[in-house]
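Input: a single structure, listed below in structure tokens.
The values are calculated or read from the model by the stated rules, or taken from the named source; none is laboratory data. Model, not experiment: these values are computed from the prediction. For neighbour counting, all protein chains shown are included, and Cβ atoms are generated from backbone atoms with ideal geometry for every residue, glycine included. Protein only, heavy atoms only, side chains kept; ligands, DNA and RNA dropped before computing areas. Shrake-Rupley method; radii C 1.70, N 1.55, O 1.52, S 1.80 Å.
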Amino acid sequence: GWLGPWVEGPQSAVRLVVAPPVPGGGAGAGAVMAGLDFRMAPGWKLYWRSPGDAGLPPAIDTTASPQVADARILWPLPERFTAFDTIHTYAYADRVLLPVRLRKNGAAPLRLTVDYQVCEALCIPVRADLALEAPSGAADPLDRTAQEARALVDAGLGRVPPVVADAVASPFAAMSAG
């Protein structure tokens with residue numbers, strides 16, 4: 001399928017989502033748009049790529065999928081949080097899909113390990129082993145899971161700021177893009 005199973009962790013869960021290719025999208029051979037779909041318990045958060053004064057961002061390990069190369073998280077804009085009146089962080093609350101651009105050679109299942117922290121007043125490190133045997137090629141237009149996967153990844157991509165040429169004029173956008 002296009003949606004992997006939820007892997008439960010403390011105060012959180014994550015699953016792997018693969019967007020069906022867009023017909024005529026010109027993404028190139030082996031290009032795959034995927035996503036890490038996180039949900040957090042109320043009051044808990046997941047950190048952004050540059051978390052601020054505390055926390056660590058999610059990291060992907062593709063060692064279990066030798067056919068996967070160049071897996072890169074594309075970071076949606078986070079929210080700013082303040083703890084104890086002095087600690088400022090950038091994170092996501094409730095639910096977020098982090099789009100992942102990767103190259104895949106062959107039809108073997110995707111297997112990724114994701115290390116992340118879920119935080120409230122304290123942070124809990126979590127490791128999730130994700131697997132998904134996504135179909136290759138175009139999706140059946142009536143396949144609701146394909147439609148849901150495409151919608152989730154597109155929504156995540158819609159929150160990723162564009163890369164800007166002038167990092168001095170827009171440093172936040174330049175950092176967010178990759």
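General observations
- Residues of the range 85-123 satisfying the condition of being part of a loop (DSSP other than H, G, I, E, B) and of a type in the set (Val, Ile, Thr): Thr86
- Checking the range 70-84 against the condition returns no match, with no residue being open to solvent by less than 40 Å² (accessible area, probe 1.4 Å), over 25 Å from Gly158 (Cα atoms) and in a loop (DSSP other than H, G, I, E, B).
- Filtered residues of the range 96-127 (kept if more than 21 Å from Asp70 (Cβ to Cβ) and touching a strand residue (DSSP E or B) at 6+ places or on another chain (Cβ under 6 Å)): Val96, Gln117, Val118, Cys119, Cys123, Ile124, Pro125, Val126, Arg127
- Filter result (more than 15 Å from the chain's Cα centre (by Cα) and open to solvent by less than 20 Å² (accessible area, probe 1.4 Å)) within the range 12-21: Pro20
- Only listed residue being at pLDDT below 85, in contact with a strand residue (DSSP E or B) (Cβ under 9 Å, 6 or more places away or on another chain), among the small types (Gly, Ala, Ser) and surrounded by 18 or more Cβ atoms within 10 Å (Cβ to Cβ), chosen from Gly9, Gly4, Gly55: Gly55
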